[in-house]
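Below is one structure, written out as structure tokens, with a few remarks after it.
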Amino acid sequence: MNWSDLIVHAEPWQGAVLGALCLILTTLLYGWGSDRPKPTWLLALLRLASLGVLALLLLEPMVRRSAETVERPLLPVLVDQTSSQWTGADSLARREALATLVAEFPTWTEGAGWDMALLGFDRNVRDLTSEDWEADGKRTDLGGALETLRNRFVHRNVPAVVVVTDGRVNRGPDPEYSARKLEVPHVFIGTGDTAVVKDLDLTDLRTNKVAYLGNAFPVEVTVRSRGFQGVHLLMQLTSGGQVLDTSPWTPAQDLASKTWTTQLDAEEAGVRTVTARIQLQGGASVSEATTANNARSASIEVLESRRKILFVAKAPHPDLAAIRVAAETNQHQETNVVWLSDDVPANLPEHDVLVLHHIDPLNWPRNWADDVQRSPALWVLGHANSTWRDWGMGRFGFTFVAQDLITEAQGHVTKPFDAFPMAEALTGMVDLWPPLACPTGTYTVSPTLTSALTQQVGPVTTDWPLWAVRKDDNSRTAVTLGEGLWRWRIQDVAQNSGDVVAFDALVNSTLQYLSSRTDVNRLRIQAPERLDEDVRCTFVAEVYDASLTPTKDVDVLLTLTNRGGLSTEHNFSSRVRGTDLIADLGNLIPGVYDWEARCTHGGEFLKESGTLVVQEVQAEASLSPANHRMLRRMAMATSGAFLGTLDAPADAADLQNAWGAFSARLSAQDVVHMSNERQPLHAEIWLLTVLIALLTTEWAIRRSTGAR
């Protein structure tokens, strides 16, 4: 140890006191007496040294340690793994060329003493080896891949970046902008076919995700042709082997496109799959590079009816507008408003949920009173001066003695709340939302009323209900006691850059709870309704015991059945954190799947079922030419280089030589990182060894002379 690395933060007088104390203790032991052990001076020096070491440790000394690490240059290599790399003419040669290049990449940095990070990308970026190389991705996100490189290697010793791609992008940010974020030269290798080929491409099939039984829904088909001028083509819509509609088309130009719109009838409830196809009409015979992009499929969920939400109000109000707009964001709901100021009908219109806004029950039509009392789903929106005494408190689950004051109360999320799932963002957002104007008085709340939000008055959190629900054997009721809900929705929009994250979810969850006529479901499954084929499918299960406490001590089994295909079974596994279970099914092939989850808990059989639509992704099936011009622009913008194109396995050697010539111009050197840290001296092993040696030597000498 270098003594200059020893750090002692102590006053001189502290060292002097400890040194004097060591001398005094040594003198008391060896300073006088005729029976002192021999040799006295040696033993005294050993004891003084031992006490000195212990005294030094009392001053809490530190030792400065320096560490040096060498970081070699690191070359990230980003390889496009989408299927457009090799489709088209000479597909076998292009695929073999890609595999050859990936296998030879490790040799590119061997002579220079660099490290290499080999990565592949399609819609995501992943580590890559030559053994697991496969170019079958469904989407190309080059801009996102370059941003991932920047986030991963921004503080590393990176002299350059090598990118292998065809330049065709169909997802993510602009790659020309993303390439500038990692401020190093970008070197590109062009793949794919730049030649223009004859191709029919059904580029898009747009339709509603949800339709209602007996209604018509639009279907829009977009087709693009290249090299089919004057050829008679036929666009066709089919479902279940039945032709629904056709439309002829003859392109007037070599490069042409057409959009066809038609209407289909929703004749049967359930998931309906529609396939659009472009094909040659009659006996025409024209060679085409590929037919993989000549058809697309889409699935539409046909529902029997929508949930009917009926609003009854005295007059227009921004709170009523906010609730109604939130309800209409759910495609499964439709709304209607009855104004008491108009000529009211003899009976309430048909509805699933009745919402009363600022209504005094003494002032509505008498013929409605029985309808309201019998309504199985009722939501009452109060105002700042509501007294609530005229309603009949048995319906709401609380009593209220009003005072002639108004309370400004913010919402406070109640935990636990099991009536319906609450948006995760609500807890943090509701504290920032403006307060509501609530009536002031004395609340007596019964256990049958469950509050989703309680009133927080200033810093005081109360148990007074603000947004609450109640369920009995025959009906469900919700009550909101505050006025000014429209400010909540506006604040939600402002906080989330134009999106409504929490308010609409709270409104629609309340409406769904009110209209639900089943008991609390103790097996709850979170499953996607629609999924692209290149996205992993994940199911999440929550199981509750009889007291609605979540549990993981249960085996949940999932059966997944592809319509017209086989069934597979999967087990849910528990997560390390949380109370839910998860089943990762990986990537599924396109189609419509029926699923059923089931388990047995507490002797009761629990079951949940649903439908999943996996949509085909054909973004890479288009035979648009490879965009090597963009790669050259990106190379020039980053002071990099375009090494050349990869068309055959023999090109790999030429590309490696081109890289060697470019890398020779780079001033890439090892980076030495120095780090200093302080460690306590008592952690040094050698110091403990010295102390033990001093005490052991002193003890051995004393014992050899007969002393204790």
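Here are a few things to note about the model shown:
- Meets criteria (within 36 Å of the chain's Cα centre (by Cα), of a type outside the set (Val, Ile, Thr) and farther than 21 Å from LEU612 by Cα) for ARG277: yes
- Only one of GLY610, GLY603, GLY586 that is within 25 Å of the chain's Cα centre (by Cα) and loosely packed, with under 12 Cβ neighbours inside 10 Å: GLY586
- Residues located in the range 685-708, provided they are basic (Lys, Arg) and surrounded by 13 or more Cβ atoms within 10 Å (Cβ to Cβ): ARG702
- Residue match in the range 629-641 (condition: part of a loop (DSSP other than H, G, I, E, B), at negative phi, in contact (Cβ under 8 Å) with a residue 24 or more places away in the chain and within 47 Å of the chain's Cα centre (by Cα)): yes
- Number of positions in the range 115-149 that are crowded, with 19+ Cβ neighbours inside 10 Å, within 22 Å of SER663 (Cβ to Cβ) and modelled with pLDDT under 90: 1
- Of all residues in the range 377-406 being β-branched (Val, Ile, Thr) and in a strand (DSSP E or B), the one that is nearest to LEU436 (Cα to Cα): ILE406
- One residue alone among VAL102, VAL17 is in a helix (DSSP H, G or I), at pLDDT 85 or above, among the β-branched types (Val, Ile, Thr) and buried (at least 19 other Cβ atoms within 10 Å of the Cβ), and that residue is VAL102.
- Restricting the range 316-344 to residues that are surrounded by fewer than 16 Cβ atoms within 10 Å (Cβ to Cβ) and in contact with a helix residue (DSSP H, G or I) (Cβ under 6 Å, 6 or more places away or on another chain), the residue that is modelled with the highest pLDDT: PRO318
- Considering the range 56-77, the residues that are within 18 Å of THR129 (Cβ to Cβ) and in contact with a helix residue (DSSP H, G or I) (Cβ under 6 Å, 6 or more places away or on another chain) include one that is surrounded by the fewest Cβ atoms within 10 Å (Cβ to Cβ), namely PRO76.
- Flag if LEU449 is in contact with a Lys or Arg (Cβ under 6 Å, 6 or more places away or on another chain) and among the aliphatic types (A, V, I, L, M): yes
- Test result for ALA409, touching a Cys at 6+ places or on another chain (Cβ under 7 Å), part of a loop (DSSP other than H, G, I, E, B) and modelled with pLDDT of 80 or more: no
- Qualifying residue in the range 363-385 (condition: touching a Phe, Trp or Tyr at 6+ places or on another chain (Cβ under 6 Å) and not assigned by TED's automatic domain parsing to the domain that holds LEU234): no
- Residues of the range 158-172 classified as of a type in the set (A, V, I, L, M) and part of a strand (DSSP E or B), total: 4
- Residue match in the range 425-438 (condition: assigned to a helix (DSSP H, G or I), under 23 Å from VAL312 (Cβ atoms) and free of Cβ contacts under 8 Å to residues at least 24 places away in the same chain): no
- Residue ID - surrounded by the most Cβ atoms within 10 Å (Cβ to Cβ), chosen from residues in the range 470-521 that are free of Cβ contacts under 8 Å to residues at least 60 places away in the same chain and among the charged types (D, E, K, R): LYS471
- Qualifying residue in the range 172-181 (condition: out of contact with any helix residue (DSSP H, G or I) (no Cβ under 6 Å at 6 or more places or on another chain) and surrounded by fewer than 21 Cβ atoms within 10 Å (Cβ to Cβ)): yes
- Test: residue in the range 350-373 that is farther than 30 Å from ALA216 by Cα, assigned to a strand (DSSP E or B) and hydrophobic (A, V, I, L, M, F, W, C): yes
- Qualifying positions in the range 32-63 - out of contact with any Ser or Thr (no Cβ under 9 Å at 6 or more places or on another chain), closer than 28 Å to LEU18 by Cβ and without any contact (Cβ under 8 Å) to a residue 60 or more places away in the chain: TRP32, GLY33, ARG36, THR40, TRP41, GLY52, ALA55, LEU58, LEU59
- Any pair with Cβ under 6 angstrom, 6 or more apart, that starts in the range 64-78 at a residue that is within 11 Å of ARG156 (Cα to Cα) and ends at one that is of a type in the set (Gly, Ala, Ser) and at pLDDT below 85: PRO73/ALA668
- Candidate set: the range 645-684, residues that are within 18 Å of GLU60 (Cβ to Cβ) and hydrophobic (A, V, I, L, M, F, W, C); chosen: the one surrounded by the most Cβ atoms within 10 Å (Cβ to Cβ): LEU681
- Output for the range 654-666, where each listed residue is closer than 17 Å to GLY190 by Cβ, among the aliphatic types (A, V, I, L, M) and without any contact (Cβ under 8 Å) to a residue 24 or more places away in the chain: ALA658
- In the range 552-579, the residues that are at pLDDT 85 or above, within 14 Å of PHE539 (Cβ to Cβ) and part of a loop (DSSP other than H, G, I, E, B): VAL556, PHE572
- Scanning the range 551-577 for residues that are closer than 14 Å to CYS599 by Cα, surrounded by 14 or more Cβ atoms within 10 Å (Cβ to Cβ) and either outside the structural domain of ILE589 (by TED's automatic domain parsing) or not polar (S, T, N, Q) (or both) turns up LYS552, VAL554, VAL556, LEU557, LEU558, HIS570, PHE572.
- Residue match in the range 288-304 (condition: part of a strand (DSSP E or B), within 30 Å of GLU483 (Cβ to Cβ) and in contact (Cβ under 8 Å) with a residue 12 or more places away in the chain): no
- Considering the conditions (1) surrounded by 14 or more Cβ atoms within 10 Å (Cβ to Cβ); (2) modelled with pLDDT of 90 or more; (3) touching a Lys or Arg at 6+ places or on another chain (Cβ under 9 Å), ASP545 is excluded by exactly one of them, (2).
The values are calculated or read from the model by the stated rules, or taken from the named source; none is laboratory data. What you see is a predicted model, and the numbers here were worked out from it, not measured in a lab. Glycine also receives a Cβ, built like all others from the backbone with ideal geometry; neighbour counts cover every protein chain displayed.
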